[in-house]
Amino acid sequence: MKFAEKRFNKKLDKIRRLEESGVLAKKKKKSRAFSKFMSNKLAVLGTCIFLVITLACIFAPFITRYDPALFDLLNMSKPPSMEHIFGTDKIGRDLFARCLYGGRTSILIAGCGSIGGAIIGVILGCFAGYKGGWFDKICMRASEIFMSFPQLILVLVMLTIMGQSMVNIIIIFICTGWSGVFRQARAAMLSIREEEYVQALHAFGLNDFIVCFKHMLPNALSPVIVNVTINFATMILEEASLSFLGLGVPMEIPTWGNILNAAQDLYTLQNAWWIWLFAGIVISLFVMGVSFMGDGIRDTTDSSIQG
């Protein structure tokens with residue numbers, strides 16, 4: 001009994017030393033990754049653009065005094081001025097206020113869609129990659145079905161079935177955005193489950209869920225985070241496209257796409273350029289910022305391209 005107890009204590013000490021060395025290595029890796037991210041000028045610029053636009057949309061009531069839904073028939077289609085810095089639309093609504101308040105809705109839809117899809121994809125991908133078997137096969141076939149259709153076409157089909165509303169668009173984005181995250185999380189777990197520390201955890205008889213989601217998942221999050229930023233930027237563009245076509249969020253709710261919807265006719269494009277130009281610039285800057293930030297995260301977390 002004493003020999004078995006000593007052997008067990010030695011194994012515990014060995015695992016503690018491995019954990020301590022792993023914590024130190026992770027701290028060094030994080031500081032190095034942060035330094036590399038800060039040295040990437042495009043990534044820092046993208047992060048600044050993302051934060052500025054997001055914070056401006058969140059604190060919109062403190063930045064503008066105009067109501068985005070308030071009609072002003074005496075100031076219809078007014079060009080930019082000191083009173084209305086982005087001008088007004090066809091029924092006199094302030095476009096700067098609509099850009100700020102519309103950004104709230106667009107960012108909320110894309111954020112909920114990308115994060116919700118990531119949560120489902122990570123949960124299914126981690127467990128499928130860890131356990132394998134019939135569960136892995138079913139999840140793989142389901143992801144292949146969703147990925148076999150172009151995402152925008154699939155969104156349009158589901159939107160036609162479910163109807164137009166902000167909640168429905170978020171649900172559709174979640175349903176169409178989980179498959180890519182699932183495959184990345186699954187691929188990461190397939191390689192991690194062969195590591196020595198996973199085998200040691202198995203030897204101590206830990207629960208599969210604890211091993212999978214507590215000890216293995218943190219090491220598989222890097223590619224998932226990058227995929228979330230890509231999905232986020234894609235969903236911003238998809239929401240804008242759907243609303244521009246009149247198939248997205250109802251027109252009474254301000255979004256970036258609904259602002260562009262007012263510029264479908266040739267007369268507006270030629271003579272009221274401010275109605276579409278500023279909203280288009282904001283969308284482009286935001287998507288570029290998210291893309292640059294995602295590229296910076298990828299460069300700092302992908303071990304295959306680290307110098």
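The values are calculated or read from the model by the stated rules, or taken from the named source; none is laboratory data. Treat the numbers as computed from the prediction; the structure is a model and nothing was measured. In this analysis, Cβ positions are derived from the backbone assuming ideal geometry, glycine residues included, and neighbour counts consider all displayed protein chains. Ligands, DNA and RNA are excluded from the accessible area calculation, which covers all protein heavy atoms including side chains. Shrake-Rupley method; radii C 1.70, N 1.55, O 1.52, S 1.80 Å.
Checking Cys139 against (1) part of a loop (DSSP other than H, G, I, E, B); (2) open to solvent by less than 80 Å² (accessible area, probe 1.4 Å), which test does it fail?
It is condition (1) that Cys139 fails.
Looking at region 29-54, which of the residues that are without any contact (Cβ under 8 Å) to a residue 24 or more places away in the chain and open to solvent by less than 90 Å² (accessible area, probe 1.4 Å) is farthest from Gly294 (Cα to Cα)?
Ser31
Scanning region 247-281 for residues that are open to solvent by 30 Å² or more (accessible area, probe 1.4 Å) and of a type in the set (Val, Ile, Thr), which turns out nearest to the chain's Cα centre (by Cα)?
Ile281
Pairs please, first residue from region 72-91 and under 9 Å from Trp274 (Cβ atoms) and open to solvent by 80 Å² or more (accessible area, probe 1.4 Å), second anywhere and part of a loop (DSSP other than H, G, I, E, B) and modelled with pLDDT of 85 or more, Cβ atoms under 7 Å, 6+ apart in sequence or on different chains.
Lys78/His84; Lys78/Gly87
Is one or more of the residues making up region 115-122 open to solvent by 70 Å² or more (accessible area, probe 1.4 Å) and without any contact (Cβ under 8 Å) to a residue 60 or more places away in the chain?
Yes, region 115-122 contains at least one residue that is open to solvent by 70 Å² or more (accessible area, probe 1.4 Å) and without any contact (Cβ under 8 Å) to a residue 60 or more places away in the chain.
Could you list, in sequence order, the residues of region 46-66 that are in a loop (DSSP other than H, G, I, E, B) and either more than 23 Å from Ile253 (Cβ to Cβ) or of a type in the set (Ser, Thr, Tyr) (or both)?
Scanning region 46-66 gives Thr64, Tyr66.
Do we find that Gln199 is of a type in the set (S, T, N, Q), in a helix (DSSP H, G or I), within 22 Å of the chain's Cα centre (by Cα) and under 23 Å from Lys131 (Cβ atoms) in this structure? Spell out the reasoning first.
Details: of a type in the set (S, T, N, Q): yes; in a helix (DSSP H, G or I): yes; within 22 Å of the chain's Cα centre (by Cα): no; under 23 Å from Lys131 (Cβ atoms): yes.
Spelling it out, it is not the case that Gln199 is of a type in the set (S, T, N, Q), in a helix (DSSP H, G or I), within 22 Å of the chain's Cα centre (by Cα) and under 23 Å from Lys131 (Cβ atoms).
Within region 67-78, how many residues are part of a loop (DSSP other than H, G, I, E, B) and out of contact with any His (no Cβ under 8 Å at 6 or more places or on another chain)? Show your work before the answer.
Initially, region 67-78 is screened for residues part of a loop (DSSP other than H, G, I, E, B), giving 67-72, 76-78.
Those still in the list that are out of contact with any His (no Cβ under 8 Å at 6 or more places or on another chain) too: 67-72, 76-77.
The qualifying residues number 8.
Listed here are the residues, each with its yes/no results for (1) basic (Lys, Arg); (2) closer than 15 Å to Tyr101 by Cβ; (3) in contact with a Lys or Arg (Cβ under 7 Å, 6 or more places away or on another chain).
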residue	(1), (2), (3)
Asn231	no, no, no
Glu239	no, yes, no
Gly248	no, no, no
Pro254	no, yes, yes
Asn261	no, no, no
Leu266	no, no, no
Leu269	no, no, no
Ile275	no, no, no
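Could you grab me the full set of residues in region 185-236 that are modelled with pLDDT under 75 and open to solvent by less than 30 Å² (accessible area, probe 1.4 Å)?
If the condition is that a residue be modelled with pLDDT under 75 and open to solvent by less than 30 Å² (accessible area, probe 1.4 Å), then Val198, Leu201 are the ones that fit.
Failed condition for Cys112, given (1) farther than 30 Å from Lys214 by Cβ; (2) modelled with pLDDT of 85 or more; (3) in contact with a helix residue (DSSP H, G or I) (Cβ under 9 Å, 6 or more places away or on another chain), with all others met?
(1)
From Val282, Val290, Val249, grab the single residue that is in contact (Cβ under 8 Å) with a residue 40 or more places away in the chain and assigned to a loop (DSSP other than H, G, I, E, B).
Values: Val282 fails: assigned to a loop (DSSP other than H, G, I, E, B); Val290 fails: assigned to a loop (DSSP other than H, G, I, E, B).
On inspection, the qualifying residue turns out to be Val249.
Could you list all residues from region 181-222 that are touching a residue at least 40 places away in the same chain (Cβ under 8 Å), more than 26 Å from Ile297 (Cα to Cα) and of a type in the set (D, E, K, R)?
If the condition is that a residue be touching a residue at least 40 places away in the same chain (Cβ under 8 Å), more than 26 Å from Ile297 (Cα to Cα) and of a type in the set (D, E, K, R), then Asp208 is the only one that fits.
Just one of (1) of a type in the set (S, T, N, Q); (2) more than 30 Å from Gly125 (Cα to Cα); (3) modelled with pLDDT of 80 or more trips up Thr268, so point out which.
With respect to (1) of a type in the set (S, T, N, Q); (2) more than 30 Å from Gly125 (Cα to Cα); (3) modelled with pLDDT of 80 or more, Thr268 is out only on (3).
Does region 149-170 hold any residues that are touching a helix residue (DSSP H, G or I) at 6+ places or on another chain (Cβ under 9 Å), open to solvent by less than 80 Å² (accessible area, probe 1.4 Å) and farther than 22 Å from Ile253 by Cβ, and which are they?
Across region 149-170, the qualifying residues are Gln151, Leu154.
If Ile174 satisfies every condition in (1) open to solvent by 20 Å² or more (accessible area, probe 1.4 Å); (2) farther than 29 Å from Leu217 by Cα; (3) assigned to a helix (DSSP H, G or I) but one, which is the exception?
Unmet for Ile174, out of (1) open to solvent by 20 Å² or more (accessible area, probe 1.4 Å); (2) farther than 29 Å from Leu217 by Cα; (3) assigned to a helix (DSSP H, G or I): (2).
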